[in-house]
Amino acid sequence: MNRMGPWDVELSWESPTVANIPLPPSRDEAEHRRYLRFLQLHLALLDGGSPALSTVALSAALDHAAAGAADQSWGWLTAVELSVSLTSWFPAPWTPESLARTLSRHHRDAPAPTRWAAWAWLGDPSFSAMPGADGSWTVVRSERGNEETARLPGDRALVVLWMDHFRDKYGFPLAHAVDPADVAELAPASLAVISADAADAAFAYRASWRDQRDEALAAARDAQRLARPD
């Protein structure tokens, strides 16, 4: 976990990105769909289950929303696509400029350029970032007359901080007040779906994905271990 003054960010400042993920604005529908395909694969790799039916449903929703939006401008992400990307820490190769432009389409307090190549975002508290000659960023958090300052090592760290600030971490029902009666009423029907999905998960179309997922993640873990200094 990163610790920067009062901000705790789960993802490493230098977490890897995938260069082949096309950034918005997309040049055409095919490029937009390629972004979504990478996002769907990312969601499936994050899911260590069969995969979970909720992951399958979200991935299908991304597919159908894209297919049904005949009048959509393919250049930019929809609000849902952006939200899923941020919340899942999708490893697109964002630059501060590209992420700021994308955020500005759906967030009123998105990062905006200021003088001297700096950035400002949010309002209460407010943040600003000033570039250093070495590629670092000095970030200032201001709230009711109090200021706290920290240094970020580079552009990727600034992107990670923005993703943390604008992601929907507490989607319902997490960190929400939930009526126990509603949960109890829904639970028997949900249990029946869990049982049915467990049977479906044994079929080859899902088992083959699990094999491919596990092999890819194992190879990535091995590569991480080899890359660590002794």
If you scan segment 20-36, which residues turn out to be within 15 Å of the chain's Cα centre (by Cα) and farther than 13 Å from Thr95 by Cα? Tyr35, Leu36
Can you name the number of the only condition in (1) part of a loop (DSSP other than H, G, I, E, B); (2) surrounded by fewer than 11 Cβ atoms within 10 Å (Cβ to Cβ) that Gly171 fails? (2)
Residue within segment 103-119 that is in contact with a Pro (Cβ under 7 Å, 6 or more places away or on another chain), part of a helix (DSSP H, G or I) and surrounded by 17 or more Cβ atoms within 10 Å (Cβ to Cβ) present: yes
Any residue that is open to solvent by 80 Å² or more (accessible area, probe 1.4 Å) and at pLDDT below 95 - is there at least one of those in segment 134-144? yes
Within segment 47-57, identify whether any single residue is closer than 18 Å to Met163 by Cβ and at pLDDT 95 or above, and answer yes or no. no
Scan segment 190-230 residue by residue and report those that are open to solvent by 90 Å² or more (accessible area, probe 1.4 Å) and part of a helix (DSSP H, G or I). Leu191, Ile194, Tyr205, Asp211, Gln212, Glu215, Arg221, Gln224, Arg225, Leu226
Checked Ala187, Ala150 against criteria (out of contact with any Phe, Trp or Tyr (no Cβ under 7 Å at 6 or more places or on another chain) and part of a strand (DSSP E or B)); the one match is Ala150
For segment 167-217, which positions are at positive phi and of a type in the set (S, T, N, Q)? none
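The values are calculated or read from the model by the stated rules, or taken from the named source; none is laboratory data. Keep in mind that this is a model prediction, so the values were computed, not measured. For neighbour counting, all protein chains shown are included, and Cβ atoms are generated from backbone atoms with ideal geometry for every residue, glycine included. Quick note on the areas: whole protein, heavy atoms, side chains included, nothing else; ligands and nucleic acids left out. Shrake-Rupley method; radii C 1.70, N 1.55, O 1.52, S 1.80 Å.
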